[in-house]
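Encoded as structure tokens, the structure appears first; notes follow it.
The values are calculated or read from the model by the stated rules, or taken from the named source; none is laboratory data. Because the structure is a prediction, the values reported are computed rather than measured. So basically every Cβ, Gly included, is an ideal-geometry build from the backbone, and we count neighbours across all protein chains shown. Note: accessible area is taken over every heavy atom of the protein model, side chains too, but ligands, DNA and RNA are not part of it. Shrake-Rupley method; radii C 1.70, N 1.55, O 1.52, S 1.80 Å.
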Amino acid sequence: MPETDRSTGPAIELNDARLVLDGNAGPVAILHGIGLTVARGESVGLVGPSGSGKSSLLMLMGGLERATSGTVRALGQDLTAMDEDRLARFRRGNMGVVFQSFHLIPTMTALENVAIPLEIAGAEDAFARAEAELRAVGLGARMDHYPAQLSGGEQQRVALARAVVARPAILLADEPTGNLDGATGAAIMELLFGLRDRHGATLVLVTHAPDLAARCDRVVRLADGRLAPTAAEAAA
């Protein structure tokens, strides 16, 4: 029986998911009873004020934070029931994550940074596939450069290539344009949506930019760690 089934059912399901973290003054409730379903192939924009829980919700979806209670399922698998090793294997085979701060390994070239997830998975063609993804994001001439030799936009392109090189079913992006100027950020978003379309992945995007959120199939709003009602629900 395969560990994941990419063909049927939702990509992501959260049922009464709650997150409580330890703070200096004691436990802090971050997310309260989140119930959310994301369909396969859907793009969802997570929006809301700073501190509303957007990034924390994205981390729950990716298994990078563990729900204090409730369940989080991805591709039919219960992430809340997995230990850390199994979670890491699941993410490596099924998810790509893009952060605001790039998270590139400074001692590795762009090519090595993109190839490393495939190398860890034992792929024999890791560097050939990494090269193809770097060319796809316009960095064919920069593959042998280290992160410090690249601009912010170029570093984020490397991070995008790394996120999609294993052909993940789910792409999670946390403010991927937050550290970039407007024009560079717009170019990165074009690339992100283009890569998502090319690979047919489900995309969940955290952003403060209304125009970026509007490009998604659906916008989900958070406020104080809770899902905010839609305009239709609020009017009912």
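Restricting attention to segment 5-17, report how many residues are open to solvent by 10 Å² or more (accessible area, probe 1.4 Å), touching a residue at least 60 places away in the same chain (Cβ under 8 Å) and assigned to a strand (DSSP E or B). Adding up the residues that qualify gives 1.
Say whether the condition of being closer than 22 Å to residue 214 by Cα and open to solvent by 10 Å² or more (accessible area, probe 1.4 Å) is met by at least one residue in segment 18-25. Within segment 18-25 (the criterion being closer than 22 Å to residue 214 by Cα and open to solvent by 10 Å² or more (accessible area, probe 1.4 Å)), the answer is no, since none of the residues qualifies. The single condition from (1) modelled with pLDDT under 95; (2) open to solvent by 70 Å² or more (accessible area, probe 1.4 Å); (3) within 27 Å of residue 18 (Cβ to Cβ) that residue 80 fails is (2).
For residue 166, the stated conditions hold: it is touching a helix residue (DSSP H, G or I) at 6+ places or on another chain (Cβ under 6 Å), closer than 23 Å to residue 65 by Cβ and not basic (Lys, Arg). Considering segment 43-73 alone, what residues qualify as being of a type in the set (Ser, Thr, Tyr) and either open to solvent by less than 10 Å² (accessible area, probe 1.4 Å) or touching a Cys at 6+ places or on another chain (Cβ under 7 Å) (or both)? 43, 52 - these are the residues of segment 43-73 that are of a type in the set (Ser, Thr, Tyr) and either open to solvent by less than 10 Å² (accessible area, probe 1.4 Å) or touching a Cys at 6+ places or on another chain (Cβ under 7 Å) (or both). Among the residues of segment 92-138, those identified as without any contact (Cβ under 8 Å) to a residue 40 or more places away in the chain, open to solvent by less than 60 Å² (accessible area, probe 1.4 Å), under 23 Å from residue 194 (Cβ atoms) and not small (Gly, Ala, Ser) are 111, 133, 134.
When segment 141-179 is limited to residues that are among the basic types (Lys, Arg) and without any contact (Cβ under 8 Å) to a residue 40 or more places away in the chain, the one that is farthest from residue 191 (Cα to Cα) turns out to be 142. Selection of segment 163-216 for residues being open to solvent by 40 Å² or more (accessible area, probe 1.4 Å) and either of a type in the set (Val, Ile, Thr) or modelled with pLDDT of 95 or more (or both) yields only 184.
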